[in-house]
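Q: Let me begin by handing over the structure; questions about it come next.
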Amino acid sequence: LNIARDNEPVLLDGFIVGKNPILEKPPSKFIMNEENMKVVADLVQLASEYDLMGLSANQVGIDAQLFVLKDWETYRAYINPRVVYESPELALGTESDVSFPGLSVKITRPYSIRVRYTDINGEIKTETLEGGTARLFQHEMTHMHGTYFWDDANFLNRNKAIKDWKNIQRKLKKY
C-alpha cells in the first residue's frame, strides 16, 4: 500500500481534515491478501473507536479502494466497491464527514442502490442497499471517486457547505 506523502496531511486523531490532494484523487485498487488484512482490521478499529458510521481508507492517508460501514454493532469492509444501479426514488438527508468536523450538508441521493464489491474473503458480492445504508455507501463512494461529499449536493447546499466550512476553519484557527 502507498501511504500518501506528497503533501503533509493535516491530521486530527489520525484523520485527514479539510480539503487535501489525498482526498481529491481516486484511490488505487486494493488487493486483499494476508498482509492487507491488517489494514482492514486497523480501519475497523479506528472507525469503532470513534463510533463512526463509515470510514474510507484515504481519509487516514491510505491509497486504497476500501471503506468500512457500521452494520448494527459490527463493521463490514467493502473492497473495490461499485454502484451498479441507482433507483429513481430519491431521499433527502443530512450528512457529515470526519474529514470536515462540524460540517453538515443536506444531500439528495437515490433511496436504493445495487452494489458490487469484494469482501474480506476475496469473494465478489452483489447486493441491494436501501435507506440509511444506501446513503452511507454512496457517501463513502465519494471518497472512492476523489470528490467531496458536498459535491453531490444541489447548487445551493453545496455553496452553503463551502461557505460553512470556511467559517469552521476560521474558528478552528483561533484555537
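Q: Dipole magnitude of region 7-154 about its Cα centre, charges +1 at Lys/Arg Cβ and -1 at Asp/Glu Cβ only, in debye to the nearest 20? Let's see the in-between values first.
A: Values: 13 positive and 22 negative charges, 78 e Å.
The calculation lands at about 380 debye.
Q: Ranked by accessible surface with a 1.4 Å probe, highest first, in what order do 37, 32 come? List each step's numbers first, then the result.
A: Numbers: 37 75, 32 45 Å².
Of 37, 32, the descending order of accessible area is 37, 32.
Q: Using all Cα-Cα distances in the chain, what percent lands in each 5 angstrom bin from 0 up to the longest?
A: Taking every Cα pair in the chain, the percentages come to 1, 8, 17, 21, 22, 16, 9, 4, 1, 0.
Q: Which one, 152, 51, 119, has the greatest fluctuation when you compute a Gaussian network model over the chain with C-alpha springs under 10 angstrom?
A: Residue with maximal mean-square fluctuation among 152, 51, 119: 51.
Q: With a 1.4 Å probe and every protein chain kept in, tell me what percent of the accessible surface of the chain is carbon plus sulfur.
A: 52
Q: Next question, about the same structure. Checking the table 25/125; 19/160; 106/173; 19/171; 19/106 against a 21 Å threshold on Cα-Cα, which pairs fail? Don't skip to the answer; put the middle values down first.
A: Numbers: 25/125 25 Å; 19/160 16 Å; 106/173 25 Å; 19/171 16 Å; 19/106 19 Å.
25/125; 106/173, as the Cα separations exceed 21 Å there.
Q: Hey, if we sort 74, 118 by accessible area with the 1.4 Å probe, largest down, what's the order? Working shown, then result.
A: On the way: 74 85, 118 25 Å².
Reading off the accessible areas and sorting them downward yields 74, 118.
Q: Per 10 Å bin, what percent of the C-alpha pairs of region 87-175 does each bin hold, from zero upward?
A: 15, 42, 28, 12, 3
Q: Also: Compute the signed sum of charges (Lys and Arg +1, Asp and Glu -1) over the other residues within less than 10 Å, Cβ to Cβ, of residue 129.
A: Working: positive: 114, 135; negative: 127, 130.
That sum, taken over residues with Cβ under 10 Å, equals 0.
Q: Using the Karplus curve 6.51 cos²θ - 1.76 cosθ + 1.60 with θ = phi - 60°, what ³J(HN,Hα) values do you get for each residue of region 106-112, in whole Hz, with x for Gly and Pro?
A: 7, 9, 9, 9, x, 5, 10
Q: Would you please give the residues with an amide H less than 5 Å from that of residue 66, counting only those at least 5 places away or on a separate chain, with H modeled from the backbone geometry?
A: Distant-sequence amide H within range of residue 66: 57, 58, 80.
Q: How are the Cα pair distances of region 8-109 distributed, in percent, across 10 Å bins from 0?
A: Final binned percentages: 14, 41, 38, 7, 0.
Q: Given Cα pairs under 8 Å that are at least 6 residues apart, what percent is the relative contact order of the chain?
A: Details: 297 pairs, mean separation 37.4, N = 175.
Relative CO of the chain lands at 21 percent.
Q: List the aspartates and glutamates whose alpha-carbon lies under 12 Å from that of residue 38, not counting same-chain residues fewer than 8 positions away?
A: none
Q: Among 27, 88, 101, which one moves the most in a GNM of the chain with springs linking Cα atoms closer than 10 Å?
A: It is 88.
Q: Send over a whole-number figure in Å² for the accessible area per residue of the chain, probe 1.4 Å. Spell out each step's value before the answer.
A: On the way: 9940 Å² over 175 residues.
Accessible area per residue, the chain: 57 Å².
The values are calculated or read from the model by the stated rules, or taken from the named source; none is laboratory data. Being a predicted model, the structure only gives us computed values, none of them experimental. With ideal geometry, Cβ positions are generated from the backbone for all residues, glycine too; neighbour counts draw on all protein chains shown. Surface areas here come from the heavy atoms of the whole protein model, side chains and all, with no ligands, DNA or RNA. Shrake-Rupley method; radii C 1.70, N 1.55, O 1.52, S 1.80 Å.
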